[in-house]
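For reference, the structure is listed below as structure tokens.
The values are calculated or read from the model by the stated rules, or taken from the named source; none is laboratory data. Keep in mind it's a predicted model, so treat the numbers as computed, not measured. Counting neighbours? That spans all protein chains shown, and the Cβs are built from the backbone with ideal geometry, glycine included. To get the accessible areas, we keep the full protein, side chains included, count just its heavy atoms, and leave off ligands, DNA and RNA. Shrake-Rupley method; radii C 1.70, N 1.55, O 1.52, S 1.80 Å.
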Amino acid sequence: KAPEKPAIISGALSDWPAVSGPRKWTVPYLVRVAGPRTVPIEIGKNYTSEHWTQRLMTVKQFAEQYLQGDCKEVGYLAQHQLLDQVPALAEDICIPDLCFTGEEDDVDMNVWIGPKGTVSPLHTDPKHNFLCQVSGSKYVVLYPSTDTKYLYPHPTPLLFNTSRVDLQNVNLEEHPDFCHAKGYHALLKAGQMLYIPPGMWHFVKSLETSFSVSFWWQ
């Protein structure tokens with residue numbers, strides 16, 4: 001919990017059934033356990049894009065349409081409390097003990113499942129965050145809160161915690177001060193856990209079909 005110090009912890013998920021063994025999280029396993037359940041799927045480049053929307057569909061439909069590797073449109077099961085909705089999946093993971101080192105016992109758990117290319121744009125969250133990579137890998141960029149002045153947060157109340165800088169297409173003419181930002185680049189692999197401190201800006205992109213679980217605590 002050192003201020004503004006992210007860290008990747010290896011081996012933290014070694015006792016998770018979701019990581020290895022007969023209950024390892026794969027697309028066929030997901031469909032078998034949760035196939036009929038209805039979930040919200042984010043459609044589009046990311047939640048800041050003009051044509052972004054959400055659709056309700058079953059997990060089976062989501063897997064068939066977006067997790068087969070040949071879909072031109074990106075679909076993302078993002079920030080969803082699937083573990084509450086499907087208790088059998090909750091039995092496949094373990095809440096990290098470090099989540100209980102804070103001031104409160106409540107832990108917010110969300111699941112993130114999507115194909116290669118899903119993106120969470122550069123944004124910040126108010127709580128401690130453990131991003132646990134169950135399968136697949138993700139590219140992560142992080143900036144300290146002290147660099148906020150270089151990251152051009154959206155002026156609107158709805159997106160105040162999201163940067164206007166598109167890290168996949170940086171435009172220094174529109175955002176000239178971004179060149180002063182100094183952050184971290186990380187590759188988060190299956191079985192690893194990334195600690196993201198409160199207030200730290202982070203961008204996340206999946207490099208292949210990916211299953212992740214995040215734990216927010218304070």
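Working only within segment 117-160, note down all residues that are among the hydrophobic types (A, V, I, L, M, F, W, C) and either open to solvent by 50 Å² or more (accessible area, probe 1.4 Å) or part of a loop (DSSP other than H, G, I, E, B) (or both).
Within segment 117-160, the first condition is being among the hydrophobic types (A, V, I, L, M, F, W, C), and the residues that meet it are 119, 122, 130-132, 134, 140-142, 151, 158-160.
Selection gives 158, 160.
On the given criteria, is residue 101 more than 15 Å from residue 35 (Cβ to Cβ), hydroxyl-bearing (Ser, Thr, Tyr) and surrounded by fewer than 18 Cβ atoms within 10 Å (Cβ to Cβ)? Break it down stepwise before answering.
Details: more than 15 Å from residue 35 (Cβ to Cβ): yes; hydroxyl-bearing (Ser, Thr, Tyr): yes; surrounded by fewer than 18 Cβ atoms within 10 Å (Cβ to Cβ): yes.
So residue 101 passes the test.
Is it true that some residue in segment 90-112 is touching a His at 6+ places or on another chain (Cβ under 9 Å), at pLDDT 95 or above and among the polar types (S, T, N, Q)?
yes
Is one or more of the residues making up segment 26-40 in contact with a Phe, Trp or Tyr (Cβ under 8 Å, 6 or more places away or on another chain) and assigned to a strand (DSSP E or B)?
Yes, there is a match, as at least one residue in segment 26-40 is in contact with a Phe, Trp or Tyr (Cβ under 8 Å, 6 or more places away or on another chain) and assigned to a strand (DSSP E or B).
Taking only pairs six or more apart or across chains, which ones have beta-carbon atoms under 6 Å, a first residue in segment 50-75 that is exposed (fewer than 11 other Cβ atoms within 10 Å of the Cβ), and a second residue that is among the hydroxyl-bearing types (Ser, Thr, Tyr)?
What qualifies is 56/38.
Quick check on my filter: what residues within segment 76-98 are open to solvent by less than 20 Å² (accessible area, probe 1.4 Å), without any contact (Cβ under 8 Å) to a residue 60 or more places away in the chain and within 17 Å of the chain's Cα centre (by Cα)?
76, 77, 78, 82
So, in segment 185-211, of the ones that are over 29 Å from residue 20 (Cα atoms) and either touching a Pro at 6+ places or on another chain (Cβ under 7 Å) or in a loop (DSSP other than H, G, I, E, B) (or both), which residue ends up most open to solvent (accessible area, probe 1.4 Å)?
Let us first name the residues in segment 185-211 that are over 29 Å from residue 20 (Cα atoms), namely 198-201.
If we keep only those that are either touching a Pro at 6+ places or on another chain (Cβ under 7 Å) or in a loop (DSSP other than H, G, I, E, B) (or both) as well, we get 198-200.
Details: 198: 45, 199: 22, 200: 0 Å².
Among those that are over 29 Å from residue 20 (Cα atoms) and either touching a Pro at 6+ places or on another chain (Cβ under 7 Å) or in a loop (DSSP other than H, G, I, E, B) (or both), it is 198.
Looking at segment 30-40, is at least one residue in contact (Cβ under 8 Å) with a residue 12 or more places away in the chain, under 28 Å from residue 159 (Cβ atoms) and open to solvent by less than 30 Å² (accessible area, probe 1.4 Å)? Step through it out loud before you land on a result.
Here is the first cut: in segment 30-40, the residues in contact (Cβ under 8 Å) with a residue 12 or more places away in the chain are 30-31, 33-40.
Restricting the remaining residues to those that are under 28 Å from residue 159 (Cβ atoms) gives 38-40.
After this cut, where a residue has to be open to solvent by less than 30 Å² (accessible area, probe 1.4 Å) as well, the list is 39.
The answer is yes; a qualifying residue exists.
Here's the yes/no breakdown for (1) more than 21 Å from residue 213 (Cβ to Cβ); (2) of a type in the set (S, T, N, Q); (3) in a helix (DSSP H, G or I):
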{"site": "46", "(1), (2), (3)": "no, yes, no"}
{"site": "49", "(1), (2), (3)": "yes, yes, no"}
{"site": "55", "(1), (2), (3)": "yes, no, no"}
{"site": "62", "(1), (2), (3)": "no, no, yes"}
{"site": "69", "(1), (2), (3)": "yes, no, no"}
{"site": "72", "(1), (2), (3)": "yes, no, no"}
{"site": "105", "(1), (2), (3)": "no, no, no"}
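State the number of residues belonging to segment 1-22 that are closer than 30 Å to residue 73 by Cβ and open to solvent by 70 Å² or more (accessible area, probe 1.4 Å).
Pass one, segment 1-22, residues closer than 30 Å to residue 73 by Cβ: 18-19.
Pick out the ones that are also open to solvent by 70 Å² or more (accessible area, probe 1.4 Å) and you get none.
Total satisfying the criteria: 0.
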